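The values are calculated or read from the model by the stated rules, or taken from the named source; none is laboratory data. Source: prediction; values computed, not measured. Positions of Cβ are generated from backbone atoms using ideal geometry, with glycine treated the same way; all protein chains shown enter the neighbour counts. These area figures cover heavy atoms from the full protein model, side chains too; ligands, DNA and RNA do not enter into them. Shrake-Rupley method; radii C 1.70, N 1.55, O 1.52, S 1.80 Å.
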Amino acid sequence: MTFDPRTIATPTYDALNNLRNLHRQDENRLKQQKGQAVELYTYLSTWGMMRLKAEEMALPEKTMMGKKEVVEKFFECLQTISGTQNLSGEQGLTTLKNFNTDEYLGITGLGLALAQEFSFWATAVYWDIKGE
């Protein structure tokens with residue numbers, strides 16, 4: 001099987017582009033989305049996959065919805081790309097907790113590559129959004 005870099009780029013672009021189109025008129029939310037997408041790699045490399053998943057669950061719905069949406073999309077993309085069930089949604093933390101060491105490190109490595117894509121595509125999709 002030949003590796004196709006679009007395997008990671010396409011779902012990432014689609015996720016961010018769809019989020020942006022849902023909230024075109026809400027500049028504050030768009031700033032949150034862009035900022036969170038750009039910061040995913042740093043957060044993940046500093047704190048790890050389990051804490052990122054816990055952060056998704058801890059973000060307040062009303063004040064941080066833009067950030068929460070990006071983290072949710074990140075885990076949906078990671079689930080799709082990895083073929084691993086139950087990473088997105090509420091069961092994701094349990095799934096990560098129950099991985100053996102090799103599985104956890106493998107999904108973290110794939111997550112770091114995906115986070116880099118989120119950062120890149122955030123600057124392309126939200127090119128006109130400044131701040132956050």
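The peptide list 42-52, 19-29, put in order of mean Cβ contacts within 10 Å with the highest first, becomes 42-52, 19-29. Calculated on C-alpha atoms, the gyration radius of the chain divided by its Kirkwood radius gives an Rg/Rh of 0.96. Look at the alpha carbon pairs under 8 Å that are at least 6 residues apart: their mean separation over the length of the chain gives a relative contact order of 41 percent. Take the Cα of Thr80, step 7 Å toward its Cβ, do the same at Thr7, and the gap between the two points is 1.5 nm.
Accessible area per residue (1.4 Å probe, heavy atoms of protein chains only) ranks Phe99, Phe118 as Phe99, Phe118, with the largest value leading.
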